[in-house]
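Structure record follows, encoded as structure tokens.
Every number in this text was worked out from the coordinates using simple rules, so none of it is lab data. Note that this is a predicted model, so its numbers are computed, not measured. A quick note on method: Cβ atoms are made from the backbone with ideal geometry, for glycine too, and the neighbour counts reach across all protein chains shown.
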Amino acid sequence: MLVLLLDLDHFKAVNNTHGHLVSDRMLVDFADRVRALLRVPDRLGRFGGEEFVVLLPETSLDKARVVAERIRRDIEQADGDLPRRTVSIGVTVSFPDDPDLDGLLARADAALYQAKEGGRNRVETVALPVS
């Protein structure tokens, strides 16, 4: 199982500048755009605030990075009446010896943190356990 952790860049600033109604529309638009890029067995869920998680069953790490990059590019190039936005994405893979979801989510979060630290609007991967 591959996991993508997605975070809309500078979302709080958009919320503070444009208000809750625009921010809510932005979240709905984001989810709709991401969902349109996924396969039937893939799952998208809101993880909290402006963070989303995508589960990609039976997907290689290379293909997951392609999916993540496709999402990143689609969000960056979105037109319409909403403010321009970008997304940072962390990618990781589950291991058979993962005792629970905490390790998997910690790796996805570490990859997301790398994407944000690297300048945002990027995809980063952590495929080894985080210590």
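Matching residues to (1) in contact with a Lys or Arg (Cβ under 9 Å, 6 or more places away or on another chain); (2) surrounded by 13 or more Cβ atoms within 10 Å (Cβ to Cβ); (3) assigned to a strand (DSSP E or B):
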residue: Leu27; (1), (2), (3): yes, yes, no
residue: Asp32; (1), (2), (3): no, no, no
residue: Val53; (1), (2), (3): yes, yes, yes
residue: Arg65; (1), (2), (3): no, yes, no
If I go through region 64-86 residue by residue, how many of them are of a type in the set (D, E, K, R), without any contact (Cβ under 8 Å) to a residue 60 or more places away in the chain and under 25 Å from Leu101 (Cα atoms)? 2
Candidates Glu58, Glu76 - the one that is of a type outside the set (A, V, I, L, M) and within 19 Å of Leu112 (Cβ to Cβ): Glu76
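Only one residue in Pro99, Pro41, Pro83, Pro57 is farther than 12 Å from Leu5 by Cβ and in contact with a Lys or Arg (Cβ under 9 Å, 6 or more places away or on another chain). Which one?
Answer to the check: Pro57.
Determine whether Ser88 is within 28 Å of His20 (Cβ to Cβ) and hydroxyl-bearing (Ser, Thr, Tyr).
Values: within 28 Å of His20 (Cβ to Cβ): yes; hydroxyl-bearing (Ser, Thr, Tyr): yes.
Here the answer is yes, as Ser88 does meet what is asked.
Would you mind stating whether Asp42 is in contact (Cβ under 8 Å) with a residue 12 or more places away in the chain and either within 29 Å of Phe95 (Cβ to Cβ) or more than 12 Å from the chain's Cα centre (by Cα) (or both)?
yes
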What number of residues within region 12-33 are touching a helix residue (DSSP H, G or I) at 6+ places or on another chain (Cβ under 7 Å) and without any contact (Cβ under 8 Å) to a residue 40 or more places away in the chain? 2
Counting just the residues of region 93-114 that are more than 17 Å from Leu56 (Cβ to Cβ) and small (Gly, Ala, Ser), which one comes out surrounded by the most Cβ atoms within 10 Å (Cβ to Cβ)? Ala110
Test Gly90 against the criterion of being surrounded by 15 or more Cβ atoms within 10 Å (Cβ to Cβ), under 12 Å from the mean Cα position of the chain (by Cα) and in a strand (DSSP E or B), and give yes or no. yes
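Just need a number here: residues in region 34-51 that are among the aliphatic types (A, V, I, L, M) and in a helix (DSSP H, G or I).
Of region 34-51, the ones among the aliphatic types (A, V, I, L, M) are 34, 36-38, 40, 44.
Checking which are in a helix (DSSP H, G or I) leaves us with 34, 36.
Of the residues in region 34-51, 2 are among the aliphatic types (A, V, I, L, M) and in a helix (DSSP H, G or I).
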